[in-house]
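K.L.:
After the structure tokens below, expect a handful of questions from me.
The values are calculated or read from the model by the stated rules, or taken from the named source; none is laboratory data. Because the structure is a prediction, the values reported are computed rather than measured. Backbone-built Cβ (ideal geometry, glycine too); neighbour counts: all protein chains shown. Areas reflect the complete protein model, heavy atoms only, side chains present, ligands, DNA and RNA absent. Shrake-Rupley method; radii C 1.70, N 1.55, O 1.52, S 1.80 Å.
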Amino acid sequence: MKITVVRPLDLGETEVKRWRDLQLTGPDLMNPFLAPEFTLGVGLFRDDVRVAVVEDGPDVAAFLPFQRGPLGTGHPVGFGLTDLQGIVAPPDLDLDARALLRACRIGVWDFDHLLASQVMFRPFHAVRRVEPVMELGEGFEAFEAHLRKAAPKTHKTIRYKERKLGRDVGELRYEFESRDTADLKRLMDWKSEQYNRTGRTDRFARPWIVRLVRHFHETGFGVLSVLWAGDEPVSAHFGLRNGPVMAGWFPAYDTRFGKYSPGMIGHLLLARGCAGNGVTEIAMGRGGKEFKEGFKGREIPIAEGRVARPTPAAALHWARTAPVNRARGAVLDNPALYRRADRVLKTYARLRRRAS
């Protein structure tokens, strides 16, 4: 096999079409984070994005998008922003992972949301988890019936608060796809406030991420949905869409309406909007939100780990990241620890705001 590494914008129409065709060959490859549009978009705003093009005879057999960092460290494209990662290739592709890294000129490639079904990376899994998926292929009514059965208390609470929000604030209106840039700016402001309130890193403090989100909104690869109560915008969600598959990305809401659980109402209305607009599933992302259990119809097995060659850079990377990854994994896998860590972060955020 021949492996050539190129910048995303060096891919021609033929290669992009082949990429899209390969997405049809394996389970869950249609996820938007694995679509060429995502890599091409990130490549517009980051200079470290590359694509390994794997050729088998006259045909392109696979694409591996990645970011090449200092000292030969590699990451999936959009690392820290993506809920699914991997090589875009048929499931039976016979390729040596370390040889692929050598061709990419990286000593280590770490991942935290890798498709666990990809055989070539299985020896390098450190932890396996799952990502919940809402299934909408049978329509919204069938989805809601599933939710009512799987989590009756959650469904009842959402519907009650939805009615109360309408009575107290104003008639509800849900806009599945807003093209208004003011709506997008508002969502990013809400999300930044949430990150700071909960002690997380504010992703929208990074200009390149702001530009990336605006780009996806402009091109239609990103879908911005907004919930209104009367004249008041209450919550919003920005997701990525690749044909029938949506990846949840940035949900946010106005904290003035927090008592109405606008995020949960928004998730239910997003499901209705997607089902009415040709989306058959929503990948919700790995995370500690317990309400996702009722919403999910299936799960995508994902893995965390790293592929490494015997290089000084790989050894340095392991020493720097392994302890942190183990600690984070312990928290994610234990609901009680997750809630405790969440409280600690929120307390830290409050103290930080008071000090400033």
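K.L.:
Rank 171, 15 by accessible area, highest first, at a 1.4 Å probe radius?
P.N.:
Result, largest first: 171, 15.
K.L.:
Whole angstrom only: what separates the Cα centroid of segment 108-150 from the Cα centroid of segment 175-215?
P.N.:
25
K.L.:
Let me ask you something else. What does the extension gain come out to for residue 180 and residue 219, with contour length at 0.36 nm per residue minus their alpha carbon separation?
P.N.:
Answer, rounded to one decimal: 12.8 nm.
K.L.:
On to the next question. Pop a pseudo-label 7 angstrom from the Cα along the beta-carbon direction at both residue 56 and residue 256 and give the gap in nm to one decimal.
P.N.:
5.8
K.L.:
Multiply the residue gap between residue 13 and residue 46 by 0.36 nm, knock off their C-alpha separation, and tell me the result in nm, one decimal place.
P.N.:
Residue separation times 0.36 nm, minus the Cα-Cα distance, leaves 9.8 nm.
K.L.:
Here's something else I'd like to know. So what's the back-of-envelope 222 nm ellipticity for the chain, counting only DSSP H runs of four-plus at -39500 (n - 2.57) apiece and dividing by all residues, rounded to 500?
P.N.:
Theoretical 222 nm ellipticity from helices: -13000 deg cm²/dmol.
K.L.:
Express in Å², to the nearest 10, the accessible area of residue 245 obtained by rolling a 1.4 Å probe over the protein heavy atoms while all chains stay in place.
P.N.:
Using a 1.4 Å probe on the heavy atoms, I get roughly 10 Å².
K.L.:
Straight-line reach from residue 153: which lysines fall under 30 Å, measuring Cα to Cα and dropping same-chain residues less than 8 apart?
P.N.:
Within the straight-line limit of under 30 Å, residue 153 reaches these lysines: 161, 164, 191, 259, 289, 292, 296, 346.
K.L.:
Now for a separate question. Read phi for every residue in segment 120-137 and hand back ³J(HN,Hα) as whole Hz from Karplus 6.51 cos²θ - 1.76 cosθ + 1.60, θ = phi - 60°, with x for Gly and Pro.
P.N.:
Working through the residues one at a time gives 5, 9, 4, x, 10, 6, 9, 9, 10, 9, 9, 10, x, 10, 7, 9, 10, x Hz.
K.L.:
How many Å² of accessible area per residue for segment 115-248, probe 1.4 Å?
P.N.:
Counting only protein heavy atoms, the per-residue value for segment 115-248 is 48 Å².
K.L.:
Just 105, 206, 306 to compare: in a GNM of the chain, with alpha carbon springs under 10 Å, which one fluctuates most?
P.N.:
206
K.L.:
If you don't mind, another one. For the chain, what does the relative contact order come out to in percent, with C-alpha contacts under 8 Å and a separation of six or more?
P.N.:
About 22 percent, as a whole number.
K.L.:
May I ask you to rank 292, 153 by accessible area, largest first, using a 1.4 Å probe over the protein chains only?
P.N.:
In descending accessible area the options line up as 153, 292.
K.L.:
Return the single residue from 188, 246, 120 with maximal mean-square fluctuation; model: Gaussian network over the chain, springs between Cα atoms under 10 Å.
P.N.:
120
K.L.:
Between residue 293 and residue 203, what is the FRET efficiency for a Förster distance of 25 Å, r being their Cβ-Cβ separation, to the nearest 0.05?
P.N.:
So the FRET efficiency works out to roughly 0.45.
K.L.:
Still on this model: For residue 5, list long-range residues whose amide hydrogen, built 1.01 Å from N in the peptide plane, is under 5 Å from its own amide hydrogen.
P.N.:
Amide H neighbours of residue 5, under 5 Å, 5+ apart: 53.
K.L.:
Using a Gaussian network model of the chain with C-alpha springs under 10 Å, which one of 35, 275, 229 is most mobile by mean-square fluctuation?
P.N.:
Most flexible of the set in this elastic network: 229.
K.L.:
Within the accessible area of the chain, what % is carbon and sulfur when the probe is 1.4 Å and the other protein chains stay in place?
P.N.:
It is 52 percent, rounded to a whole number.
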